[in-house]
1. Looking at 150, 135, 81, 119, which is the one that is in a loop (DSSP other than H, G, I, E, B) and closer than 23 Å to residue 194 by Cα?
2. Does the stretch 75-106 hold any residues that are over 27 Å from residue 186 (Cβ atoms) and among the β-branched types (Val, Ile, Thr), and which are they?
3. Evaluate the following for residue 159: is it out of contact with any His (no Cβ under 8 Å at 6 or more places or on another chain), among the small types (Gly, Ala, Ser), closer than 30 Å to residue 30 by Cα and at pLDDT below 95?
4. Test residue 87 against the stated conditions and say whether it is of a type in the set (D, E, K, R) and under 24 Å from residue 36 (Cα atoms).
5. For residues that are of a type in the set (A, V, I, L, M, F, W, C) and within 19 Å of residue 168 (Cβ to Cβ), scanning just the stretch 48-70, find the one that is surrounded by the most Cβ atoms within 10 Å (Cβ to Cβ).
6. Could you tell me how many of the residues in the stretch 84-108 are part of a loop (DSSP other than H, G, I, E, B) and of a type outside the set (A, V, I, L, M)?
7. Residues to consider are 165, 173; find the one that is in contact (Cβ under 8 Å) with a residue 60 or more places away in the chain and touching a Pro at 6+ places or on another chain (Cβ under 8 Å).
8. Give the stretch 131-184 a look and list any residue that's within 14 Å of the chain's Cα centre (by Cα), closer than 18 Å to residue 76 by Cβ and of a type in the set (A, V, I, L, M), or say none.
Amino acid sequence: MHRSSPTGSILSLVLLLLLPGLAFAQSEGRVSVGGSVTFVSPTDEDVEHTLSVGALVSLNPRRGWGVASALNWFRADLRNPLGGDADFARLRVRPLMAGIGYTMGDDRTLVNVSVVGGPSFNSARFKGNFGSGGPGVPVIDAKNSFAIRPALSVTHTVAPRVGITAFGGYMITRPEVTYVDGTGQRFGDRWNADSLVLSAGVVYSLF
């Protein structure tokens, strides 16, 4: 497991300001900021779990139907198909998803269900000095893919401007990852990025 950086916070803010109903926070004010902890658990045993701590920017919730969007970017280590525990490669998954959501609940606790989808821009790179000094030059590549993610979010207001958020979703995206080792042996269709995504955070309404 590794800690990933909060990449994409600026893009998240732009999307949130443009798309009403995008994220969830307490009822007073319109825009909230805070922090969250996110755990990404890929279903593929050859793709490692990730844990990240990052900034959270959100629009405060409104009941009813609304536009939804999500990034859910993450990086995950891949296991070498030839075995061993040494560093191998890291997969970057960067989906840009939009869709629809519905928010319900009382003034203190709001629940949102949503479905979003869109292109995922993926890449893969070797870690450290993997492949150096071998008989040839290994190559790894990850193609872009389509991502879809149903999700459930809950926001509980603990003060007029303070909310606690919880999120659970399942993202389906299967980039075509191809690895060719130094001898020319080719490995493909071995890894996918389908993942359970769980997060929790605290937000404060600025205005």
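1. Being in a loop (DSSP other than H, G, I, E, B) and closer than 23 Å to residue 194 by Cα holds for just one of 150, 135, 81, 119, which is 81.
2. 100, 103
3. Judged against the criteria, residue 159 is a match.
4. On the way: of a type in the set (D, E, K, R): yes; under 24 Å from residue 36 (Cα atoms): no.
For residue 87, the condition - of a type in the set (D, E, K, R) and under 24 Å from residue 36 (Cα atoms) - is not met.
5. This residue is 70.
6. Looking only at that region, the number is 7.
7. 173
8. Correct list: 147, 171, 172.
The values are calculated or read from the model by the stated rules, or taken from the named source; none is laboratory data. Everything quoted here is computed from the prediction, not taken from an experiment. Neighbour counts are summed over all protein chains in view; Cβ atoms, including those assigned to glycine, are modelled from backbone coordinates with ideal geometry.
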